[in-house]
Amino acid sequence: MTEPLFTQQTLDEGVAALRRDLLAEGGPQISTMRNYRFAILPYRPADEFKLRGLMRRLTDDLRNAGWGVLPISLQQLLLARIRKTGEANVQALITREKRLFEKDPERALAHLRDKIAPHIEGPDGIAADVAALIADFAEKHPDGADRTLVLIGRAGALYPFFRSSALLKHIDGKTRNIPVVLLYPGERKDTTALSFMGELDADRDYRPRIYP
């Protein structure tokens, strides 16, 4: 198996490079494609809290410079989707999962995947919630596309129910051309391949720039 390309400095280097490109003269330069302003910042899942600290500092710096920053938590969106199924359904799901886990953890996980994935996959799943949040934010900042940033985080909450490459596909064309950065917990296997949480097979289905 190809070794991951992480070093201890990679996350710091990635954030520093992202900061430079966001604040570049002439507007954000996180992509070579003017109408595809997506980027991915991978980090080791073990660095989750370090990543959050770096993002807080970046967000504060951008806001102090007059930017609008929209952080989106995929974990919060996932929980909201599950709660919308109703309290009775949530309790039944929990009870069933516990009972199955005692017999076979893999079967319990498969059961959760079958029940939860349909609520979050596809263009009408979590991607629709993300697109709606971005659209609302854009309406409030109509002239700020070059000084606005969307940070999509807590993607680990979607594992193993959802692939982040699918999320980017489904929100493409629905971001009002605002720069969007996906904070990606996983491993970078080569220049274009990412393994979600370091557990799934490497996915090369990514068009955005991967930092650093």
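Each value in this text was obtained by applying a stated rule to the coordinates, not by laboratory testing. Since the structure is predicted, the reported quantities are computational estimates derived from the model, not experimental observations. A quick note on method: Cβ atoms are made from the backbone with ideal geometry, for glycine too, and the neighbour counts reach across all protein chains shown.
Here is how the numbers come out for the structure above:
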item: Relative contact order [Cα under 8 Å, 6+ residues apart], the chain, whole percent; result: 35 percent
item: Entries in 50/140; 84/140; 115/169 that, when Cα-Cα distance is taken, lie over 29 Å; result: 50/140
item: Nearest-20 debye value, the chain charge dipole, Cβ charges on Lys, Arg, Asp, Glu; result: 340 debye
item: Of the trypsin sites (Lys or Arg not before Pro) in the stretch 55-109, those whose Cβ has at most 10 other Cβ within 10 Å and which sit in DSSP loop; result: 84
item: Largest to smallest principal axis extent of the C-alpha atoms in the stretch 54-175, angstrom; result: 55, 28, 26
item: All-pairs Cα distance distribution in the chain, expressed in whole percent, bin size 10 Å; result: 8, 33, 35, 18, 6, 1
item: Base-10 log of normalised Debye intensity for the stretch 1-94 (one unit scatterer per alpha-carbon) at q = 0.26 Å⁻¹; result: -1.41
item: Rel. contact order, % - alpha carbon contacts under 8 angstrom, at least six apart, the stretch 127-212; result: 28 percent
item: Point-charge dipole on Cβ atoms (K/R +1, D/E -1) for the stretch 120-173, about Cα centre, debye to 20; result: 260 debye
item: Positive-end residue, the chain charge dipole about Cα centroid, Cβ charges, pick of 82, 69, 161; result: 82
item: Antiparallel DSSP beta bridges within the chain, percent to nearest 5; result: 20 percent
